[in-house]
């Protein structure tokens, strides 16, 4: 397999619409295996993290508002990110209505908050959403399952390499995405769950 093909495959497999729902699935199924409502929590999370983003980006690509499915150009990211803020806030409200555990309400609340942060950064600079999502997902799994989740950290340099190799980001954009993703989600959810 060529380097370019491996980098492309890595970027698709370890992408936000795969990584985040995989983390949510593990938390719901293994962290809340005794909770019969876990499938409802998972459905709301899947809608917010995968189904709506996929449909949104597909629609924007169809009408020519974005040039590719990875939304390579910084200037094209504002609208989809803005929509995702709203989607995550709606998901948060729905989770509150069904009285979901705090980790699930927190995921959606801070996904919305952190998307606002990405929006503000995007006005001036391009940050790696791939790395931010991967790192924040590792933080979630660490909070739920402990240090065993740190095995997933080996994916971070691999994904960083693939994004830089594909010229989608600079090294610094991937590094900042990783650091913001992990530290913000860890600190926010640690505070939220501890309330």
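The values are calculated or read from the model by the stated rules, or taken from the named source; none is laboratory data. On a predicted model such as this, the values are computed, not experimentally measured, just so you know. So basically every Cβ, Gly included, is an ideal-geometry build from the backbone, and we count neighbours across all protein chains shown.
Some observations on this one:
- Condition check for residue 78: surrounded by 18 or more Cβ atoms within 10 Å (Cβ to Cβ) and within 21 Å of residue 17 (Cβ to Cβ): no
- Criterion: free of Cβ contacts under 8 Å to residues at least 40 places away in the same chain, in a helix (DSSP H, G or I) and farther than 23 Å from residue 148 by Cβ - qualifying residue of 66, 54, 113: 54
- Filter pass, residue 59 being out of contact with any strand residue (DSSP E or B) (no Cβ under 8 Å at 6 or more places or on another chain), surrounded by fewer than 16 Cβ atoms within 10 Å (Cβ to Cβ), part of a helix (DSSP H, G or I) and modelled with pLDDT under 90: yes
- Output for the range 132-160, where each listed residue is in contact with a helix residue (DSSP H, G or I) (Cβ under 7 Å, 6 or more places away or on another chain) and either outside any helix (DSSP H, G or I) or under 26 Å from residue 75 (Cα atoms) (or both): 132, 133, 134, 135, 136, 137, 156, 159, 160
- Hits in the range 170-189 - residues which are more than 15 Å from the chain's Cα centre (by Cα) and either within 17 Å of residue 13 (Cβ to Cβ) or surrounded by fewer than 13 Cβ atoms within 10 Å (Cβ to Cβ) (or both): 171, 172, 187
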